[in-house]
1. Could we say that A:V33 is surrounded by 14 or more Cβ atoms within 10 Å (Cβ to Cβ) and closer than 24 Å to A:G84 by Cα here?
2. Being loosely packed, with under 15 Cβ neighbours inside 10 Å and among the hydrophobic types (A, V, I, L, M, F, W, C) is the filter here; which residues of the stretch B:36-65 pass it?
3. If you scan the stretch A:106-117, which residues turn out to be among the small types (G, A, S) and crowded, with 22+ Cβ neighbours inside 10 Å?
4. Restricting attention to the stretch B:67-101, report how many residues are in contact with a helix residue (DSSP H, G or I) (Cβ under 7 Å, 6 or more places away or on another chain), surrounded by fewer than 22 Cβ atoms within 10 Å (Cβ to Cβ) and β-branched (V, I, T).
5. Can you tell me which residue among B:A70, B:A66, B:A108 is at pLDDT 95 or above and within 13 Å of chain A (Cβ to nearest Cβ)?
6. With the structure loaded, tell me whether B:A59 is touching a residue at least 60 places away in the same chain (Cβ under 8 Å) and in the same structural domain as B:M141 (by TED's automatic domain parsing) or whether it fails that test.
7. Of all residues in the stretch B:2-21, which are part of a loop (DSSP other than H, G, I, E, B) and at negative phi?
8. Just checking, which of A:S167, A:S149 is in a loop (DSSP other than H, G, I, E, B), over 24 Å from A:R51 (Cα atoms) and at the interface with chain B (Cβ under 9 Å from one of its Cβ atoms)?
Protein chains: 2
Amino acid sequence: MHQAVRDLEAELGRDALTVPLIAARAGVTPSTVYRRWGDLRELLSDVAVERLRPDAPPADHGSLRADLEAWAVQFAEEMSSTAGRTYIRDALLGDPEQGNAARCSDYAAEQLKALGVRAAGRGEAVPDVETLLDVVVAPLMYRILFRPSDLSVAYTDHLVGVALGRSAPLSPR
Amino acid sequence: MHQAVRDLEAELGRDALTVPLIAARAGVTPSTVYRRWGDLRELLSDVAVERLRPDAPPADHGSLRADLEAWAVQFAEEMSSTAGRTYIRDALLGDPEQGNAARCSDYAAEQLKALGVRAAGRGEAVPDVETLLDVVVAPLMYRILFRPSDLSVAYTDHLVGVALGRSAPLSPR
């Protein structure tokens with residue numbers, strides 16, 4: 001079903017998607033789709049979350065600081081891209097119970113946890129994941145959703161510096 | 001038009017809202033609504049932003065710290081309520097250009113700026129508004145949208161403490 005959505009979206013564009021069309025492509029009846037997903041928005045929400053799932057563990061750059069800086073740059077790029085924004089909106093929109101939104105956050109938490117485990121193995125001090133979500137992930141997501149503004153490497157490095165206790169929270173100008 | 005939406009929502013519930021119904025209540029033709037708003041989601045987005053507009057300047061509790069703590073508690077309460085969550089979702093989702101999302105953020109920024117001006121008048125040191133958005137507003141909004149979790153007074157006080165340089169960013173357990 002996810003593949004049918006992806007294929008049709010690539011062929012026809014997003015606004016052309018309908019449940020009967022998707023069902024036909026997937027070789028099932030529309031009622032099968034409605035039984036499983038309720039409506040098109042819920043199906044698109046599930047597809048979006050699946051696309052937001054990281055496909056690899058975060059890269060190893062030799063130190064927690066370098067790993068976090070690289071991860072934050074990549075996260076900001078992916079989530080602020082046109083595709084990323086669409087997936088985040090879909091994930092939030094078709095999901096009254098917030099289960100899909102929580103899955104998006106869990107993906108980030110899992111990647112940050114993996115970085116932390118690796119750093120602890122090197123003997124580095126590691127901030128807890130909730131701190132990293134508050135200090136690094138939340139400001140990036142807030143800017144992406146609410147406040148189109150600076151997402152430069154200087155800014156993501158600044159957020160990582162705050163999380164690691166190297167910088168005061170004062171925003172860079 | 002906004003009043004028509006509010007009245008019908010109160011009478012019939014949100015899921016019953018349609019453009020023809022809203023137009024009839026407002027005494028206009030449906031095509032008038034479509035010309036102005038495109039579709040129901042865009043109309044609901046505008047109504048939601050209007051409801052998220054603060055109706056008073058932030059209360060004066062005698063110090064920046066007390067003002068920010070009280071503001072953060074109120075912001076967390078309002079935005080995490082069922083109504084608040086619905087308005088945020090409506091504002092974000094019926095708004096492909098992100099103008100309404102930016103207006104939501106501007107409301108918070110204006111309130112924080114007013115707190116800052118008052119505190120500067122008392123001779124207090126004041127963090128800039130971008131820092132307050134990153135450190136106080138963003139983590140609250142991230143938790144509300146993505147990560148149902150602690151929004152206690154202890155948590156909002158902690159965020160204010162970080163913004164004022166009184167606490168390290170480490171999340172309270």
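The values are calculated or read from the model by the stated rules, or taken from the named source; none is laboratory data. Treat the numbers as computed from the prediction; the structure is a model and nothing was measured. Heads up, the Cβs are rebuilt from the backbone with ideal geometry, glycines too, and the neighbour counts pull from every protein chain shown.
1. Working: surrounded by 14 or more Cβ atoms within 10 Å (Cβ to Cβ): yes; closer than 24 Å to A:G84 by Cα: no.
Against the criterion (surrounded by 14 or more Cβ atoms within 10 Å (Cβ to Cβ) and closer than 24 Å to A:G84 by Cα), A:V33 does not qualify.
2. Correct list: B:A56, B:A59.
3. Pass one, the stretch A:106-117, residues among the small types (G, A, S): A:108-109, A:114, A:116.
Listed by number, the list holds a single entry, A:A108.
4. 1
5. Working: B:A70 fails: within 13 Å of chain A (Cβ to nearest Cβ); B:A66 fails: within 13 Å of chain A (Cβ to nearest Cβ).
Result: B:A108 is the single residue among B:A70, B:A66, B:A108 that is at pLDDT 95 or above and within 13 Å of chain A (Cβ to nearest Cβ).
6. Numbers: touching a residue at least 60 places away in the same chain (Cβ under 8 Å): no; in the same structural domain as B:M141 (by TED's automatic domain parsing): yes.
Judged against the criteria, B:A59 is not a match.
7. Initial filter on the stretch B:2-21 (part of a loop (DSSP other than H, G, I, E, B)): B:13, B:17-18.
Answer for the stretch B:2-21, where residues must be part of a loop (DSSP other than H, G, I, E, B) and at negative phi: B:L17, B:T18.
8. Values: A:S167 fails: at the interface with chain B (Cβ under 9 Å from one of its Cβ atoms).
The conditions single out A:S149.
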